[in-house]
Amino acid sequence: MIRITTERKEKGTVVTIDGRLADSDLREIQQVRKSVTGEVFLDLRGLEECSAGEVRVLQEWLDAGARLQEANPFLHMILKDPAS
């Protein structure tokens, strides 16, 4: 189960994902991705668990232009932020 929050900031929208990401949550992530416009910053520091398929969805978001703002060390290592 996850919690997704969005917060508009001066530079863009911060999307925060907390909890344990499961395949059943992917639709919700995709809906949020479609709903936010402009520059997006992903805050994943509260994301405790996700599988390879779920990492792929997050990576696709980064590849599409989102920026990785925060993440635990493991996610930081496996996610590639093209903007960095």
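Read-outs: derived from the displayed coordinates by stated rules, not from any lab. In this text, all values refer to a predicted model and were calculated from it rather than measured experimentally. Positions of Cβ are backbone-derived with ideal geometry, glycine not excepted, and every protein chain shown enters the neighbour counts.
If only residues of segment 37-56 that are surrounded by 17 or more Cβ atoms within 10 Å (Cβ to Cβ) and under 17 Å from Leu26 (Cα atoms) are counted, the one that is nearest to the chain's Cα centre (by Cα) is Leu42.
Applying a threshold of 8 Å to beta carbon distances and a minimum spacing of six or more residues, or different chains, the list of pairs starting in segment 23-37 at a residue that is over 20 Å from Glu7 (Cα atoms) and ending at one that is of a type in the set (S, T, N, Q) reads Asp23/Ser51.
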